[in-house]
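The values are calculated or read from the model by the stated rules, or taken from the named source; none is laboratory data. Fair warning: this is a prediction, and the values are worked out from it, not measured in the lab. Glycine also receives a Cβ, built like all others from the backbone with ideal geometry; neighbour counts cover every protein chain displayed.
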Amino acid sequence: MAAGHNDNAAYEKQKRAVWVATIIMGVVTIAEVAIALNWPESWGRGVLNLLFILMSAVKAVFIVGEFMHLRYEMRAMMISILAPCLFLIWFLIAFMMEGQSWLALREFWN
């Protein structure tokens, strides 16, 4: 009888974790859509892009931590998985800057 109770408690805990994850991801997504629809054009796109990158990073960290169970792992394993993500972020920033440079050169020569 006790084993059935423990199984039910574990199930309820997992069910609650899924609902919390759904709510957090839903709130962040709704915030992204609301910001995108109400963003004043006079504020520029750079800040908007930065906000989207940060909100996407929040969702990614939450997914990796909760659903890939990374927050329950040893610290060395977390670092070995998350360190390449920093290089990916650097890679994206570098390519966005490079693309902006190409756009400026293209506009200059036309």
Could you please let me know if Ala17 is in contact with an Asp or Glu (Cβ under 7 Å, 6 or more places away or on another chain) and at pLDDT below 90? yes
Would you list the helices (runs of 4 or more DSSP H) that sit entirely within the chain and hold 3 or more residues that are exposed (fewer than 10 other Cβ atoms within 10 Å of the Cβ), over 23 Å from the mean Cα position of the chain (by Cα) and not acidic (Asp, Glu)? 2-38, 75-109
What pairs come out if I take residues in region 50-74 that are touching a residue at least 40 places away in the same chain (Cβ under 8 Å) and pair them with residues that are loosely packed, with under 13 Cβ neighbours inside 10 Å whose C-beta lies under 7 Å away, six or more apart or interchain? Glu66/Ala17
